[in-house]
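Here the structure comes first, spelled out in structure tokens, and everything after it is commentary.
The values are calculated or read from the model by the stated rules, or taken from the named source; none is laboratory data. Quick caveat, the model's predicted, so the values are computed rather than measured. Note that each Cβ is placed from the backbone with ideal geometry, even for glycine, and that neighbours are counted across all protein chains shown. These area figures cover heavy atoms from the full protein model, side chains too; ligands, DNA and RNA do not enter into them. Shrake-Rupley method; radii C 1.70, N 1.55, O 1.52, S 1.80 Å.
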Amino acid sequence: MLKQYIFCFCMFFIFSGVGYSAEQTDSSQLIDEAVSLRSSSKGRLTEIVQVLKSRDLSREEQEYLTYLEGYLLAAQGSFKNSGKVIEGLLETSVVAEVRVLSTTLLVNVNAAQGNWSKGLASTQVLTLHMQELNKSSNLYQNALAVKGVFYNQIEQFELGLASALELFSIASGDRQTCAAANLIIESSNRLNKPLPDSTIPASAFEACQSYKVLEAFTATYMAERHLLESKHSDVIALLESRVTFFNQTKYPPLILNGFYALAKAYWQQGLVAKAEQLLEQLLAMDVANSNKAKLADVLLLLAKIRYSQGQLGNAFELMQRHVKLREQYLNDVTAKRLAFQLAQQHSIEKDNEIKLLAANKLLLAAETENNRLLILLLSLVLILLCLYVFRSHRNQQRLRQLAEFDALTGVHNRGHFTQLAKSALQFSQDSKKSVAVVLFDLDLFKKVNDTYGHACGDWVLKQVAGVCQELTRKNDVFARVGGEEFCFLLLGCDSHTALDVAEKCRRAIYGIDTKKSGFDFKVSGSFGVSDNQLSGYNLDRILADADEALYCAKSSGRNTVYLYDPGAEQTALLRPDGSLVS
């Protein structure tokens, strides 16, 4: 639901328009109205689409109708189906405006799904389509804003800033100026650079004053700027009066940005109680998927406050949550950066292929003219280009390996596991099949590193991955999700089967002969198990429940297998046959 909310807000942020007041009878007028109001009135858009579907349309009008159907699917949160509709449309579209609108939508749809590689590919296609447009047109400027937002989402802030500065220089209306100024301030903050123009904040507030939510975002971005400059009283003056409005919007990203900036300013000014109140309110809200980095900062600041109050236990718990969330954020950043590198590599390969084709054409022309020297030189160029293309392809394969697999153990890494697991859980839910998760952690692994050295610790991790991988089926997903933490996703398995797999892995790990490492010690692991009957098909929920069972296994003395029990005060320790361990 949050992804759908963010998608709709992003489209409202970029697109504008006012619908016709009178009922339209001409199809072209209805299409104009639908395109104009698509981000502001989903009800009217749905009504127009139904009317158009009942009419005999020209090819151009049918293209607009297909685009509007894809837009409606995205606005309803059906991003996968929307992507299929729009990709099919782009294969046959002959209308330049439809191609730009569709590619713009595809960028946002891929971003909403976290599919950064496809999003970057769509952004490159959008850049090509934009060359057909006049820069003064709303369509060109909206597409430029989409590029800027997307680049900031994948943390390529230099590119986001470049798009925003171009938009700011050509903006033809308040909404475009508002979007450009906000993007410039956000990008400059994240790059920790001074604003390129001192008039930008004033331009942002003036242009955004008719759009209250966007103006509120301007305030939060400027508050972040004041924090960078240690102007804490300016942050309080800017945000304190807006707290009520933040709450009224019920928009998690805005509330998270505003409350954290204000809380940090309060803390710096010694107003600890006020800071604590805002931070606790944030943790009580569902903002986990809005901005992991910002929420990690919230946990860190509250941990500092608890530590200063002498609440060491609570401070330690908050720090643990901070570290875990920060690790998830860094994994997301790594996935985005690798996607960007792959897209760059793909672009280089395409350029090389074009150069290769050009060289081939020149070679044929040289053969016709019987110019042996030119043929020899071009053959050399051709060989060098082939070598370069081969090396580029090999580099792309290496980048893909880094993006999907753990370098030490050779099993899936956390980022790729998350993608595979979400798809597998969705498939299992749609087909009403069982699915289970086994999460395990090596016991006292830090002691192994401290006693025998990190080389020995790495040897242990490889051995554990090897013996466990031998127990998996081809359709199971096995990954290293942390330092010494591993996870299985078992398709078609219930908790009983998962417990059996976990017990076999536990025994296999305990049976590892460590003498081959040059030392003699025992390796063991603690296991937590859950399945769809206990935790449903949501990845975060089923992992959290398995993690709770793992924590119980650790607390009970380690080297055990626990099954998550939602009905008990404490998760029960079960044997593979289902009997309770006392």
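Values as computed for the structure displayed
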{"item": "Cross-link pairs K193/K324; K147/K294; K147/K474; K264/K462 - those with Cα-Cα distance over 32 Å", "result": "K147/K474; K264/K462"}
{"item": "Mean Cβ count within 10 Å, highest first, over the residues of peptides 274-284, 491-501", "result": "491-501, 274-284"}
{"item": "Cβ-defined net charge surrounding N449, 11 Å radius [Lys, Arg +1; Asp, Glu -1]", "result": "-1"}
{"item": "Of all accessible heavy-atom area on the range 454-504, the percent that carbon and sulfur account for (1.4 Å)", "result": "46"}
{"item": "Accessible area expressed per residue, the range 414-574, with surrounding protein chains retained (probe 1.4 Å, Å²)", "result": "47"}
{"item": "Packing-based ranking, highest mean first, of 416-428, 173-185 given that Cβ atoms within 10 Å are counted", "result": "173-185, 416-428"}
{"item": "Protection-proxy order for peptides 195-201, 257-263, 155-161, each taking the mean of Cβ atoms within 10 Å per residue, highest first", "result": "257-263, 155-161, 195-201"}
{"item": "Cβ-based net charge around T92, under 11 Å, with every Lys or Arg adding one and every Asp or Glu removing one", "result": "-1"}
{"item": "Summed residue charge, Cβ within 14 Å of A216's Cβ, Lys/Arg positive, Asp/Glu negative", "result": "-1"}
